[in-house]
Amino acid sequence: MTEANWTDVGSVEELAAKPVSAVKAATTRLAVSCRDGVFGAVSNACNHVGGPLGEGTLDGDYVVCPWHQWKFHRVTGRGEPGFEADQVPAYPVRVEAGRVLVDVAAGTPRTKSPHEPHPLERPVVRAPGPIRVLGLSTTAMDGGAPRYSGSDDLLASALAAAAADGCETQLIRLNDLSFEACKGYYSKAAHACTWPCSVTQMRPEDGLTPVYEALVHWCDAVLVATPIRWGQASSLYFRMAERLNTIQNQVTIRNRVLIRNKVAAFIIVGGQDNVQGVAGQMLGFFAELGFHFPQFPYVAHSRGWTAEDMQNNVTAVKNSRPLHAGAGELAVRAAELARRLLDAEARDHVARGGRKAQPV
């Protein structure tokens, strides 16, 4: 180590005032930490997706990445116990005349332990077979006291019609899944939002994995059923939509379109009337994901503002032959469009998303 390699990165007083600081030594970005008066310096870039360690926190002697909570020893750069083979560069530090100096020429190498790719990360290739129709129920239900759900009942009719049309069908009830809300990593930095979703990568038990699997890798058409709750789709729908933003963000961040030649349609049931508002949100969101829509892309029912008699609303949906027939016709229209899309000549390139989807 020659004297010329030592770079002044700041005063002891200033850098000791914060557990972790982001600094720059010549052209090298560092995360400098201080614990019990002892300084450490490691690379600012996390091994995962390059998160800024210098903007993170300390957990004992480990710097915690602010993006996805990966941890690295603040002095040695090694990963937390069990992940020691994941190591970020670490640099010698010394204190002299009230200044913190780092030898940027003597950094240890960055090493990454091999990680098996997540199953969702595989290329999107449609397997041979009949048209596949996914039913996605977003109704919240008390498992201990089940009740009739109009949106679920119409969804069942739709899937039955799809099966009669020769389609393979699958039903997923969000109410049966345990999944966490979006952590808002995209709000920290665009590249902090990953595919598969970072929550899914960090938690193998994440309940939204079958939804990702079915939407991206399995289905040709999806029928999303929701009740109206205070003029909006269900809370479960919005929890799912926040997490599905990982699919749309791949267009913005990676120029990677995961949804191709797929169709979405909707079943909307509510005691008060905001059908078109709910449908508009769902159409806009699924369009952003890359889905196509059949002609007349939703079936809906509402008794309106002046009929706050839910028992009669339930009876109307349960006994309405036109509503159940309409749900079945919607499923058949969606399947027919999916067939035509699959029969069309495949494109090598799909245009980027809307105006917001520019390279970052």
Checklist outcome for this item: Filter segment 259-284 for residues that are touching a Ser or Thr at 6+ places or on another chain (Cβ under 9 Å) and within 22 Å of A214 (Cα to Cα); the one that is surrounded by the fewest Cβ atoms within 10 Å (Cβ to Cβ) is M282
Checklist entry - List pairs: first in segment 175-192 and over 19 Å from Y237 (Cα atoms), second surrounded by 15 or more Cβ atoms within 10 Å (Cβ to Cβ) and polar (S, T, N, Q), Cβ under 8 Å, 6+ apart or cross-chain? => result Y185/T194; Y185/S198; Y186/N245; Y186/N249; A190/N249; A190/T252; A192/S198
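Could you tell me which residue of segment 207-238 is nearest to H324 (Cα to Cα), considering only residues that are in contact with a Ser or Thr (Cβ under 8 Å, 6 or more places away or on another chain) and surrounded by fewer than 21 Cβ atoms within 10 Å (Cβ to Cβ)? Show your work before the answer.
Here is the first cut: in segment 207-238, the ones in contact with a Ser or Thr (Cβ under 8 Å, 6 or more places away or on another chain) are 207-209, 212, 224-229, 233-234, 236-237.
Next cut, surrounded by fewer than 21 Cβ atoms within 10 Å (Cβ to Cβ) only: 207, 209, 229.
Numbers: G207: 30, T209: 30, R229: 21 Å.
By that ranking, first place goes to R229.
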Checklist entry - Regarding G184, is this residue under 26 Å from V314 (Cα atoms) and either surrounded by 20 or more Cβ atoms within 10 Å (Cβ to Cβ) or at pLDDT below 90 (or both)? => result no
Checklist entry - Can you name the residue in segment 243-281 that is charged (D, E, K, R) and at pLDDT 95 or above and is also nearest to I172 (Cα to Cα) among such residues? => result R243
Next on the checklist: Tally up the residues in segment 282-307 that are over 22 Å from the mean Cα position of the chain (by Cα), part of a loop (DSSP other than H, G, I, E, B) and at pLDDT 90 or above, please.
Outcome noted: 5
Checklist entry - Among the residues of segment 1-49, which ones are of a type in the set (A, V, I, L, M), open to solvent by 30 Å² or more (accessible area, probe 1.4 Å) and in contact with an Asp or Glu (Cβ under 9 Å, 6 or more places away or on another chain)? => result M1, A22
Checklist outcome for this item: If you go through V124, V133, V95, the only one that is touching a residue at least 40 places away in the same chain (Cβ under 8 Å), over 30 Å from K24 (Cβ atoms), out of contact with any strand residue (DSSP E or B) (no Cβ under 6 Å at 6 or more places or on another chain) and hydrophobic (A, V, I, L, M, F, W, C) is V124
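Working only within segment 87-133, note down all residues that are assigned to a strand (DSSP E or B) and either exposed (fewer than 14 other Cβ atoms within 10 Å of the Cβ) or of a type in the set (K, R) (or both). Can you show your working first?
Let us first name the residues in segment 87-133 that are assigned to a strand (DSSP E or B), namely 87, 90-91, 93-96, 99-103, 111, 132-133.
Answer for segment 87-133, where residues must be assigned to a strand (DSSP E or B) and either exposed (fewer than 14 other Cβ atoms within 10 Å of the Cβ) or of a type in the set (K, R) (or both): R94, E96, R99, R132.
The values are calculated or read from the model by the stated rules, or taken from the named source; none is laboratory data. In this text, all values refer to a predicted model and were calculated from it rather than measured experimentally. Here Cβ is always computed from backbone atoms with ideal geometry, including for glycine, and neighbour counts include all displayed protein chains. Note: areas computed on protein heavy atoms with side chains; ligands, DNA, RNA excluded. Shrake-Rupley method; radii C 1.70, N 1.55, O 1.52, S 1.80 Å.
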